[in-house]
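Shown below is the structure under consideration.
The values are calculated or read from the model by the stated rules, or taken from the named source; none is laboratory data. Remember, predicted model here, so these are calculated numbers, not experimental data. Neighbour counts run over all protein chains shown; Cβ positions are idealised from the backbone, glycine included. These accessible areas exclude ligands, DNA and RNA; they are computed on the full protein's heavy atoms, side chains included. Shrake-Rupley method; radii C 1.70, N 1.55, O 1.52, S 1.80 Å.
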Amino acid sequence: MKRLMVAIVLATGLAGAGQYLSAAQPAAQSPEPFKLGTFAQAGGTFAGLVLGDTTVVHLAEANAAIEREPGAAKIAMPRDLKDLIARYEQGGLKDRLHAIARAARAASGASYVRDRQAVTVLPPVMPDTILNAAVNYTEHANEMAGAGAAAAAPPPPPDSMPGLWQRKPGDTRHNPYLFIKPRAAVIADGEAIRLPPGREKIDWECELNAVVGRTASHVPVERAADYIFGYTLQNDVSDRGGRGDGRHGSDWLIGKGHDTFAPVGPFIVPREFVKDPQKLAIKFTLSGKLMQDSNTDRMTHTVFEMVSFASHILTLKPGDLVSTGSPAGVGTARATPIYMKAGDLSVCSIEGIGTLTNPVAGPAPTSTSAR
């Protein structure tokens, strides 16, 4: 009888899939990992579940199809990805998302399933806070020191940072270093990185981002994984042109904060699908030429250490991003520096997380408004 029911499901499309995945069925993980994103279509936006990087499932519509089946539990779908992240482990939402993934596979022609090319990909989440790591790969620190950049890592300090970072005996690493990346700089996969007027030394940094899943304050390193919802990508676009006035230190706003300097996405991978965030290949190409080729196992401080450190400075909220730094291979550190120019194509890829692609364009048209 059970085999007969499965056969009916596969043959009858949407209705059968909904019946197969009623709330009465025990929860099970999808046979294939899913990702999560935010999309626009026909003038509206929606939270979506992504299968195979090519298929987008409208969560609210898919949930409504399941709830039409007899005995299905009523579960409110999140209003956006930030709400989804905050509620993922509550009220059966996680199990329902797995059910939606199974339904979409069983009924690929259902009305709630879209082709990725038919929708517009938006930033997966708009964080309240973005914290980026400075020089968190030794190889990047070395190349920046060789280039004489102001951001080069200093020698390891002899002391801990009271209340922020406790240096363990024998730990010779420098202390973690974070800076704020402006939220206003966030753009989506496919959107153009705009070269600011008069700024010609625009560089790339392909980075793994931890997406915060729970309110986090003073979290110990050994518990930091519990506060991570998942992972996404960021290109930490950087202006290497400096201030020009000789003032001491790095100007992080000029260096990192221009409009469009934070491409993020395209999607978020829930942590349950990432076996080890410290063993992921990371690559960056510029117009087809390989520029960065590394692995997250080369980080100075791990994902969990960076999240813990960040939480000792400010309270992290669901949807916030902690970017874990760039490996070697940036343009400014080369014997003959290479910078992005209009017409280039920026492609950041991280194994198991995805590929973030952005064209590079000239300055956006300026606008003025009378007062």
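Distance between Cα centroids, segment 278-344 to segment 27-94: provide it in whole Å.
29
Pop out the ³J(HN,Hα) list for segment 341-356 in order, Karplus 6.51 cos²θ - 1.76 cosθ + 1.60 with θ = phi - 60°, rounded to Hz; leave Gly and Pro as x.
Each residue's phi maps through the Karplus curve to give 9, 4, x, 6, 10, 9, 9, 10, 10, 10, 3, x, 9, x, 10, 10 Hz.
Here's another thing I want to ask about it. Work out how much length T366 to N175 would gain on full extension: take 0.36 nm times their residue separation and subtract the Cα-Cα distance, in nm to one decimal.
Taking T366 through N175 to full extension adds about 64.7 nm, to one decimal.
Which of rounded, prolate, oblate describes segment 74-149, given a ≥ b ≥ c as roots of the alpha-carbon gyration tensor eigenvalues and a/c under 1.5 marking rounded, otherwise prolate only if a/b is larger than b/c?
Prolate.
Next question. So what is the accessible area of segment 90-241 per residue, in Å², with the probe set to 1.4 Å? Don't skip to the answer; put the middle values down first.
Details: 6420 Å² over 152 residues.
Here the residues of segment 90-241 average 42 Å² of exposed surface.
Where nothing but the Cβ of Lys and Arg (+1) and of Asp and Glu (-1) is charged, how large is the charge dipole of segment 192-337 around its Cα centre, in debye to the nearest 20?
Using Cβ point charges on Lys, Arg, Asp and Glu, segment 192-337 gives about 200 debye.
Each label point is 7 Å from the Cα along the Cα-to-Cβ direction; what then is the distance between the points at K275 and E89, in nm?
2.3
Something else now. Can you pull the one-decimal nm distance between simple spin-label points at Q41 and M161, each 7 Å off the Cα toward Cβ?
According to this spin-label approximation, the distance is 4.4 nm.
Taking the radius of gyration and the Kirkwood hydrodynamic radius from Cα positions alone, what is the Rg/Rh ratio for the chain, to two decimal places?
Numbers: Rg = 22.2 Å, Rh = 21.9 Å.
Value, to two decimals: 1.02.
Sticking with this structure for a sec: In the chain, carbon and sulfur make up what percent of the accessible area (probe 1.4 Å)?
54
Would you mind calculating the relative contact order of segment 204-277 from Cα pairs under 8 angstrom and at least 6 residues apart, reporting the percent as a whole number?
35
With θ taken as phi - 60° and the coefficients 6.51, -1.76 and 1.60, list the Karplus ³J(HN,Hα) couplings across segment 163-173 in order, rounded to whole Hz; mark glycine and proline as x.
x, 10, 8, 9, 6, 7, x, x, 7, 9, 6
OK, next. Among DSSP beta bridges whose residues both lie in the chain, state the antiparallel percentage, nearest 5.
90
Once a ≥ b ≥ c are taken as the square roots of the eigenvalues of the Cα gyration tensor of segment 119-271, is the result rounded (a/c under 1.5), prolate (a/b larger than b/c) or oblate (a/b not larger than b/c)?
Here segment 119-271 falls in the oblate category.
Same structure again: Any lysines with Cα under 21 Å of the K74 Cα? List them, leaving off those in the same chain fewer than 8 positions away.
Of all the lysines, those that pass the test against K74 - Cα under 21 Å, at least 8 places apart if same chain - are K82, K94.
Mind checking which lysines have their C-alpha under 24 Å from K289, skipping anything on the same chain fewer than 8 residues away?
Within the straight-line cut-off, K289 pairs with K201, K256, K279, K341.
Calculate, in nm to one decimal, what T336 and D80 gain on full extension: separation in residues at 0.36 nm each, minus their alpha carbon distance.
In short, 87.7 nm is gained.
Test of understanding: what is the full-extension gain from K168 to A184, defined as 0.36 nm times their sequence separation minus their Cα-Cα distance? Display every interim value, and only then the final one.
On the way: separation 16, 0.36 × 16 = 5.76 nm, distance 3.70 nm.
This chain segment gains 2.1 nm when fully extended.
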